[in-house]
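J.: Structure in structure tokens, see below.
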Amino acid sequence: MKTFEFTRPADVNGAITNAAHARTAQQGAEVRFIGGGTTLVDLMKLNVETPTHLLDLNRLPLDKIELTLDGGLKVGATVRNSDLANHSAIRRDYPVLSQAILNGASAQLRNMATTAGNLLQRTRCMYFRDTAMPCNKREPGTGCPAITGANRTLAVLGTSEHCIASHPSDMCVAMAALEATIHVQGPKGSRTIPFADFHLLPGNTPNRETVLEPGDLITHVTLPAPIKGSKQLYLKLRDRASYEFALASAAVVISVAGGNVSRAWIALGGVGAKPWRSHEAEGALVGQPADKTTFRKAAEAAMRDAKPQSQNGFKIELAKRCLTHALQMAITS
Ligand SMILES: Cc1cc2nc3c(=O)[nH]c(=O)nc-3n(C[C@H](O)[C@H](O)[C@H](O)COP(=O)(O)OP(=O)(O)OC[C@H]3O[C@@H](n4cnc5c(N)ncnc54)[C@H](O)[C@@H]3O)c2cc1C
Ligand code: SF4
């Protein structure tokens, strides 16, 4: 690991001013905020991230979960994943989020990991994590060995000819379905970013993963008011039962009236280049009987544009079964 300066800014503005000096907020950033460090320190040990300056956010007053005026919740950037998953309002009103977080990593990691850090965790593509290998995400223009190499765990939706990495977060899949909003304070002031607009698809610039600019600090995330009477569920399929990333996962929020689906919010994990909201699945569900035939049709719609690579074609059927089963489980829960 290279040497770096470590400071604990006393307030949000100090943190932003310091970070604003960086050339980029993306891969290669010289200045990085640090929350739990479970992504960043890992990647620094591998020399994938080489910041010269770390700004520790843990003393800033960003660790609260509070009710908002519209009946939703405000979740501070440094709220630990464990605290979020186990908060009474989250368990009661947003169970899909609690389940998604508790399906990720391990208890020890969740005790350290923060809300903002989880939003910004990096892909587990093995070439990205190995500086002896080329990788367009780590070093633009060097190529993507995963396309002809080990791609079993990588994405089938939203990929490009330059990168097929999958987004690894469980929490983000639930937040995509819940239509969370990300609140950022930066050198030019504050702004809000709808969850769907926060992560970027790889396209020609896989090194650019989010819309964040130098100095942009995520201060909190808001969840809209809970959807009364909705059924919610997160289902994660993986190679082993714990401490493993998703091969396919589904976050479902669904309302049923008179036997028909009246409203649905669907997101998929493990298969997308970013947390994958599926409006296609939602369109195939709403107004239709809440039964297995409809659920399978929704899953087919969700995966219609999937593009398999040499080793990960199995994910397409796996994701379909995952979503179908998640919907079935949700309405009977
Ligand atoms: C062995 C292992 C297994 C795992 N398994 C899973 C899994 O199954 N599912 C899953 O979802 N995740 C898993 N994870 C990933 C884990 O959830 C993330 O590492 C964690 O959520 C990152 O949070 P953090 O606070 O530690 O981030 P950090 O490492 O502190 O930061 C990550 C990034 O976010 C930036 N950042 C942090 N806070 C802010 C802020 N407020 N504003 C702007 N930028 C910020 C940092 O600069 C850094 O670039 C696993 C991790 C490990 C090590
Ligand atoms: S899939 Fe993306 S992260 Fe993996 S090697 Fe290719 S460019 Fe790098």
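J.: Just to verify a result, which residue in segment 153-170, among those that are away from ligand 1 (no atom under 16 Å from the Cβ) and in a loop (DSSP other than H, G, I, E, B), is surrounded by the fewest Cβ atoms within 10 Å (Cβ to Cβ)?
T.: Filtering segment 153-170 for residues away from ligand 1 (no atom under 16 Å from the Cβ) gives 156-164.
Still in the list and also in a loop (DSSP other than H, G, I, E, B): 156, 158-159, 161-162, 164.
Values: Val156: 27, Gly158: 23, Thr159: 26, Glu161: 11, His162: 18, Ile164: 23.
So, considering only residues that are away from ligand 1 (no atom under 16 Å from the Cβ) and in a loop (DSSP other than H, G, I, E, B), the one surrounded by the fewest Cβ atoms within 10 Å (Cβ to Cβ) is Glu161.
J.: Can you find, within segment 269-327, the residue that is nearest to the chain's Cα centre (by Cα) among those that are among the basic types (Lys, Arg) and surrounded by 19 or more Cβ atoms within 10 Å (Cβ to Cβ)?
T.: Our first condition is that a residue be among the basic types (Lys, Arg); within segment 269-327, this holds for 274, 277, 292, 296-297, 304, 307, 315, 320-321.
Now narrow it down to the ones that are surrounded by 19 or more Cβ atoms within 10 Å (Cβ to Cβ): 274, 277, 315, 320.
Details: Lys274: 7, Arg277: 11, Lys315: 18, Lys320: 20 Å.
Here the residue is Lys274.
J.: Still on this structure: Would you call Arg122 under 21 Å from the mean Cα position of the chain (by Cα) and of a type in the set (Lys, Arg)?
T.: Values: under 21 Å from the mean Cα position of the chain (by Cα): yes; of a type in the set (Lys, Arg): yes.
Answer is yes for this residue.
J.: Follow-up. For residues in segment 82-128 being more than 16 Å from ligand 2 (Cβ to nearest atom) and β-branched (Val, Ile, Thr), which is farthest from Ala155 (Cα to Cα)? Walk me through how you get there before you give the answer.
T.: Within segment 82-128, the subset more than 16 Å from ligand 2 (Cβ to nearest atom) is 82-119.
Adding the requirement that they be β-branched (Val, Ile, Thr) leaves 90, 96, 101, 114-115.
Numbers: Ile90: 29, Val96: 22, Ile101: 21, Thr114: 25, Thr115: 23 Å.
Out of the qualifying residues, it is Ile90.
J.: With respect to Thr131, is the statement that it is at negative phi and within 14 Å of ligand 1 (Cβ to nearest atom) true? First the steps, then the outcome.
T.: Values: at negative phi: yes; within 14 Å of ligand 1 (Cβ to nearest atom): no.
So Thr131 fails the test.
J.: Let me ask something additional. Would a scan of segment 179-202 turn up a residue that is over 25 Å from Leu217 (Cβ atoms) and either within 16 Å of ligand 1 (Cβ to nearest atom) or at pLDDT 95 or above (or both)? Full working, then the answer.
T.: Going residue by residue through segment 179-202, those that are over 25 Å from Leu217 (Cβ atoms) are none.
No, segment 179-202 contains no residue that is over 25 Å from Leu217 (Cβ atoms) and either within 16 Å of ligand 1 (Cβ to nearest atom) or at pLDDT 95 or above (or both).
J.: Does Asp11 count as among the acidic types (Asp, Glu), more than 16 Å from ligand 2 (Cβ to nearest atom) and either modelled with pLDDT of 95 or more or touching a helix residue (DSSP H, G or I) at 6+ places or on another chain (Cβ under 8 Å) (or both)?
T.: Working: among the acidic types (Asp, Glu): yes; more than 16 Å from ligand 2 (Cβ to nearest atom): yes; either modelled with pLDDT of 95 or more or touching a helix residue (DSSP H, G or I) at 6+ places or on another chain (Cβ under 8 Å) (or both): no.
Taking the combined requirement at face value, the residue does not satisfy it.
J.: Pick out, from segment 214-333, the helices (runs of 4 or more DSSP H) lying fully within it that include 1 or more residues that are touching a Cys at 6+ places or on another chain (Cβ under 7 Å). First the steps, then the outcome.
T.: Working: elements: 279-285, 292-302, 314-332.
Of the helices (runs of 4 or more DSSP H) lying wholly inside segment 214-333, none has at least 1 residues that are touching a Cys at 6+ places or on another chain (Cβ under 7 Å).
J.: Between residues in segment 126-147 that are farther than 13 Å from Asn47 by Cα and residues that are more than 6 Å from ligand 2 (Cβ to nearest atom) and of a type in the set (Val, Ile, Thr), which pairs lie under 8 Å by C-beta distance while being six or more apart or on different chains?
T.: Within 8 Å, the pairs are Pro134/Thr142; Cys135/Thr142; Asn136/Thr142; Pro140/Thr205.
The values are calculated or read from the model by the stated rules, or taken from the named source; none is laboratory data. Computed from a predicted structure; not experimentally measured. Positions of Cβ are generated from backbone atoms using ideal geometry, with glycine treated the same way; all protein chains shown enter the neighbour counts.
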